[in-house]
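Working notes for the structure below.
Here, each number is a calculation from the coordinates, and none is a lab measurement. The shown structure was predicted, so the numbers you read here are calculated from the model rather than taken from an experiment. Glycine also receives a Cβ, built like all others from the backbone with ideal geometry; neighbour counts cover every protein chain displayed.
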Amino acid sequence: MSVAGSIVLPREPMKMVIGAEAILSAEEEYQPNPWKEATNEEWEDWRWQLKHRVTRAEQLKLILNLSQEEIAAIEVSKGRMATAITPYFAKLMDRNDSNCPIRRQAIPTLEEFHFSPHDLFDPCAEDENSPVHGLVHRYPDRVLLLVTDKCAVYCRYCTRRRMVGSSENCITEAKLDEAISYIQATKKIRDVLISGGDPLLLEDDHLEGIIAKVRRIPHVEIIRIGTRVPVTLPQRITPSLTGILKKYHPLWMSIHFSHPKEITKEVRRACALLSEAGVPLGSQTVLLRRINDRSVVMKRLMHELLKIRVRPYYIYQCDLAMGTEHFRTPIAVGINIIEKLRGHTTGYAVPSFVIDAPGGGGKIPVGPTYLISQDKGKMVLRNYQGKVFEYQEPQS
Ligand SMILES: *Cc1c(COP(=O)(O)O)cnc(C)c1O
Ligand code: SF4
């Protein structure tokens, strides 16, 4: 396990400086649209969106009033974790508010260069549980297959920030075949979770090639795709893509959502297409300080997800990835969110709150305690309102 002290940093850590006030200039009222030349067709084309990702402060300044801090952080982050934002996702950002939840997920801040002594290079010890490059085998019956390190937008809190965006390459044919051989040889594996990076950034035929290879393995019962693309690049969800996915059922999808603002008409359309292709959709949400750590915000997100037929699956405690301490909340915050959901709203709107154990123990669920005491089969319980009830277990 690597810790902060053993990481070689490409640059001197920046001093923590500068207030977060936006720079207000004479151009404040003038809102140039750097994509005004784009036709509707281009805007709706996922390849156009990818090609026009915003990666530099000069480009971002055209659409946002960046704070001094953000400008400095974008500069310092060069050569470290990549910054990239699709024009679509950038347009969801508040122009003036550097606390905008969409903005804080994608634009680096100087806090990222502060390392806590508890930060870990590989927070969930995925590299140690990797029998073959690109494959993480932690639980006996399922594996994680990482097919690319590229994402449409890089989340600053990414648990795989050690690798995402470093090459923007996908797995080589040779490595993929090694991974496939391992799955073939390991008969206990019944579930293959294709992730990355973001697998939906692969071209249709490339992605289909990978899914088809997995599907041909007789003991693989289900295939899952883990992705954030329906949220950061919803244009990628095309009839041609869903036409491919539906050939390989049962195929499930876990979509990474963070905030109700992310659920736009484009995202609704993308999720509808996936649902219509018979892909069961689940959500994964990282609990993030000042982004979604209030129970009203999380509840709204869960309700919006049900409306687009996405079943809330997991809320994750933020992993101990390097430079992400400012995103983390106490664990009690997550437990309290579940407390505010369970019983108070549709059961389907209640995900599991889990901590992916540092060092590689897998996901550990934590939540409110409803069993107050037990004595000779007399179980004392409390409900969501705090009312106390007894249940007598069978005596023989
Ligand atoms: C999260 C994860 C899985 C899948 O876990 P589920 O609880 O089945 O969704 C599998 N492998 C690894 C390494 C994981 O991190
Ligand atoms: S989309 Fe997922 S893998 Fe990519 S940067 Fe965000 S959290 Fe990391």
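Please work out the FRET efficiency for the pair residue 383 and residue 128, using the Cβ-Cβ distance as r and a Förster radius of 56 Å; give the result to the nearest 0.05. Once rounded, the FRET efficiency stands at 0.85.
For residue 378, the aspartates and glutamates whose Cα falls under 20 Å of its own Cα, not counting residues fewer than eight places away in the same chain, are 390, 393. Cross-link pairs exceeding 30 Å in C-alpha to C-alpha distance, out of 91/363; 175/247; 299/363; 150/261; 340/363, comprise 91/363.
The GluC sites (Glu not before Pro) of segment 109-188 that DSSP puts in a loop, and whose beta carbon has at most 16 other beta carbons within 10 Å, are 128, 168.
Go through 226, 330, 286 and say which Cα lies farthest out towards the positive end of the charge dipole of segment 135-354; charges sit on Cβ, +1 for Lys and Arg, -1 for Asp and Glu. Looking along the dipole axis, the top candidate is 330. Volume per residue for segment 188-244 equals 78 cubic angstrom (convex hull of Cα atoms). Helices in the chain, meaning DSSP H runs of at least 4 residues, each add -39500 (n - 2.57). Divided by all residues, the mean residue ellipticity at 222 nm is -7500 deg cm²/dmol.
In this label model, residue 167 and residue 296 are separated by 4.8 nm, measuring between points 7 Å along each Cα→Cβ vector.
Rounded to the nearest 0.05, the FRET efficiency derived from the C-beta distance between residue 114 and residue 393 at R0 = 56 Å is 0.65. When only the Cβ of Lys, Arg, Asp and Glu is charged (+1, +1, -1, -1), the dipole of the chain relative to its Cα centre reaches about 1200 debye.
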